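S.K.: Can you read through this structure? Questions will come right after.
The values are calculated or read from the model by the stated rules, or taken from the named source; none is laboratory data. This one's a predicted model, so the numbers in the text were calculated from it and none came from an experiment. All Cβ positions, glycine included, derive from the backbone under ideal geometry; neighbour counts span all protein chains shown.
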Amino acid sequence: MDRDNIFNNIDDLPAEQLFEYIIQGIVTLPELRQTGQLDASKRRVIEKLLKDREKEEEEFWEQCIENNTISAFSDYIEKYPNGIFKLEAKNKISHLEDDNAWNNAQDQNTILSFTQYLGMYPNGKFTLEAKNKIKELEENGFEIGEIKKNPKEFPADKIRYYLSNGQLSKEDLLQKNIPEEVIHKLLKNESTPDFVLGSTPASIPDGFTEVYFWGIRGSGKTTALSAVLSTANKNGLLEIAQGPGYNYMLQLQNLFYDKISTLPAGTPSDKTQYLPFILKKSNERNARSVSLIELSGEIFQCFLYKNASKPLPTKQHEETFNTLIKYLNGPNRKMHFFFVDYDRGNDADQDSYRQSHYLNAAATFFNDSQYNIFGKSTDAIYIVLTKSDLMPQSEFTKREQVKEYLNSSNYLGFVNSLRDKCKKHSINGGRILGLPFSLGTVYFEEICDFNSETAENIIDILMRRIDPKGNSILDVFNK
Ligand SMILES: Nc1nc2c(ncn2[C@@H]2O[C@H](COP(=O)(O)OP(=O)(O)O)[C@@H](O)[C@H]2O)c(=O)[nH]1
Ligand SMILES: [Mg+2]
């Protein structure tokens, strides 16, 4: 029945019928009333029916909200095509469809699946995420390609991640000559224990040679020391004193116990450490007593401040600096090893200083006559270029490469300044000696196939340049 028919027959049509036309959206109650034909009792019946229906619809809607599914909202629209919540229901459906499409895309987690999602929902709830995912997957795709070419140079966490999601396989690694034991170690994902550092003593006992390890943070002092101590220990040359750095020395000595070992993830706190030990061949009567001082990397920051005549930034810096000056002014014979980090190169750090800035600051400071750093008590100065395993393959020997590297403009000022000191005080016959140093082959910045060769060189230097004596530093500490 059309509208006109209805309006012409209001009197004959029962209330239930008129109610039906209203809910079908053909006419409205106010329109019926306007004709003046709708009597009051019929009107009340229709109003009651409408009210009941509204209540029923609201209850149905609440149930839909509770179920929160596409089918529930579709049922609502079917049942109440002109319902109060029609728009809301349509909205809910499109959101839920968007969620489903997104979940599907995520389940597949491919560039294709996220692109398809974007095709369906160019302005969807997850458009930004989908774009980011595509970018990430594209980058991963690029990265995994690079990793497969040269896995050794990528960090262990990355390799483990791609192994776990199947983008990289053990065979890929074996094919690139990563040894089976190294892969095994990688998968074990061991962490090295934190170092137990000793307190820094106020003074160093007289009568024994002092060996200084200098280098900015991360230059490889601790691991080099560890290589030296563990190699000397394996060769039966080492006895450590029960002095302030005893626990630290024990840890260092054990780091390279296995040929394939996990490297420490850098030394978190680097307070100056004092490590007393002796080196002695089994057939020797006398021993070489070594007071090894691993200087805090902070000392190089101190030099920057001192050169600029600025007060040191923290109490800790002041302590580091004052301790060093006090040690250096003592009467003991001294040897100095300066560590230059090949891996760090000359990139700026977060304070925008480069390794060459720090080393040059040291050189400038060494020229300060007030402190007279390398005076008569210095026997030898070496520059150790650490992480030399990372140097490119070359027809030249490692030593020749080191010489060339140190003569490059970045470090020339520093090297020349040390050379001047050597000439002035007749140290090393006026020459400056550069040594390569490496732990062996380092995989994934974390696992080391230890090679003692360069550590042996340092031990050899200490054995040759320190005189064995009847009294020993063990007498001072191991009472
Ligand atoms: N590739 C390579 N990495 C090294 C070598 N020696 C040290 N490293 C890494 O360099 C980082 C810093 O070494 P560390 O000895 O703690 O430096 P420190 O702050 O001077 O004591 C560590 O993460 C080591 O794994 C090496 O010979 N080769
Ligand atoms: Mg360290």
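S.K.: I'd like to know if the range 199-212 contains one or more residues that are more than 14 Å from ligand 1 (Cβ to nearest atom), at pLDDT below 95, under 25 Å from the mean Cα position of the chain (by Cα) and not assigned by TED's automatic domain parsing to the domain that holds I299.
M.R.: No, the conditions are met nowhere in the range 199-212.
S.K.: Please name all residue pairs, on different chains or six or more residues apart, with Cβ atoms under 7 Å, provided the first residue is in the range 44-65 and is within 19 Å of G25 (Cβ to Cβ) and the second residue is of a type outside the set (S, T, Y) and not in a helix (DSSP H, G or I).
M.R.: E57/G83; E57/I84; W61/F85
S.K.: Being hydroxyl-bearing (S, T, Y), within 16 Å of ligand 1 (Cβ to nearest atom) and part of a strand (DSSP E or B) is the filter here; which residues of the range 271-307 pass it?
M.R.: Across the range 271-307, the qualifying residue is only Y274.
S.K.: Of the conditions (1) in a helix (DSSP H, G or I); (2) in contact (Cβ under 8 Å) with a residue 12 or more places away in the chain, G124 fails just one. Which one is it?
M.R.: Unmet condition: (1).
S.K.: A follow-up question, please. Got at least one residue in the range 337-346 being surrounded by fewer than 17 Cβ atoms within 10 Å (Cβ to Cβ) and among the acidic types (D, E)?
M.R.: Checked the range 337-346: at least one residue is surrounded by fewer than 17 Cβ atoms within 10 Å (Cβ to Cβ) and among the acidic types (D, E).
S.K.: Scan E78, E88, E20, E97 and give me the residue that is at pLDDT 90 or above, over 30 Å from P122 (Cβ atoms) and assigned to a helix (DSSP H, G or I).
M.R.: Of E78, E88, E20, E97, the one residue that is at pLDDT 90 or above, over 30 Å from P122 (Cβ atoms) and assigned to a helix (DSSP H, G or I) is E20.
S.K.: Counting only residues that are crowded, with 19+ Cβ neighbours inside 10 Å, give me the helices (runs of 4 or more DSSP H) lying completely in the range 160-270 with at least 2 of them.
M.R.: Per the criteria, 180-188, 221-234, 246-255.
S.K.: K280 fails exactly one of the following numbered conditions: (1) of a type in the set (K, R); (2) over 21 Å from A202 (Cβ atoms); (3) touching a helix residue (DSSP H, G or I) at 6+ places or on another chain (Cβ under 9 Å); (4) in contact (Cβ under 8 Å) with a residue 24 or more places away in the chain. What is the number of that condition?
M.R.: Among (1) of a type in the set (K, R); (2) over 21 Å from A202 (Cβ atoms); (3) touching a helix residue (DSSP H, G or I) at 6+ places or on another chain (Cβ under 9 Å); (4) in contact (Cβ under 8 Å) with a residue 24 or more places away in the chain, K280 violates only (3).
S.K.: When you go through (1) within 21 Å of I383 (Cα to Cα); (2) in contact (Cβ under 8 Å) with a residue 40 or more places away in the chain one by one for S226, which number turns out not to apply?
M.R.: It fails just one condition, (2).
S.K.: Sticking with this one: Across the range 350-378, which residue is farthest from the chain's Cα centre (by Cα) among those that are of a type in the set (F, W, Y) and either surrounded by fewer than 17 Cβ atoms within 10 Å (Cβ to Cβ) or more than 20 Å from F337 (Cα to Cα) (or both)?
M.R.: Y371
S.K.: Quick one: E181 ticks every box in (1) of a type in the set (D, E, K, R); (2) in contact with a helix residue (DSSP H, G or I) (Cβ under 8 Å, 6 or more places away or on another chain); (3) more than 16 Å from ligand 1 (Cβ to nearest atom) except a single one, so which number is it?
M.R.: The number of the failed condition is (2).
S.K.: Being within 18 Å of T441 (Cβ to Cβ), assigned to a helix (DSSP H, G or I) and among the charged types (D, E, K, R), is that true of even one residue in the range 131-146?
M.R.: Within the range 131-146, not a single residue is within 18 Å of T441 (Cβ to Cβ), assigned to a helix (DSSP H, G or I) and among the charged types (D, E, K, R).
S.K.: While we're looking at this one, here's another question. When P331 is evaluated against the numbered criteria (1) modelled with pLDDT under 95; (2) crowded, with 16+ Cβ neighbours inside 10 Å; (3) under 25 Å from I427 (Cα atoms), which criterion, by number, is the only one it fails?
M.R.: (2)
S.K.: Please determine whether any residue of the range 307-319 is buried (at least 22 other Cβ atoms within 10 Å of the Cβ) and either under 30 Å from the mean Cα position of the chain (by Cα) or touching a residue at least 24 places away in the same chain (Cβ under 8 Å) (or both).
M.R.: No, every residue in the range 307-319 fails to be buried (at least 22 other Cβ atoms within 10 Å of the Cβ) and either under 30 Å from the mean Cα position of the chain (by Cα) or touching a residue at least 24 places away in the same chain (Cβ under 8 Å) (or both).
S.K.: Also: Return the residue satisfying two criteria in turn: it lies in the range 282-291 and is at pLDDT below 95 and of a type in the set (D, E, K, R), and of such residues it is farthest from E456 (Cα to Cα).
M.R.: Among those residues, the one meeting the criterion is R285.
S.K.: What is the number of the single condition among (1) over 25 Å from D379 (Cα atoms); (2) away from ligand 1 (no atom under 16 Å from the Cβ); (3) in contact (Cβ under 8 Å) with a residue 60 or more places away in the chain that K188 does not meet?
M.R.: With (1) over 25 Å from D379 (Cα atoms); (2) away from ligand 1 (no atom under 16 Å from the Cβ); (3) in contact (Cβ under 8 Å) with a residue 60 or more places away in the chain applied to K188, the lone miss is (3).
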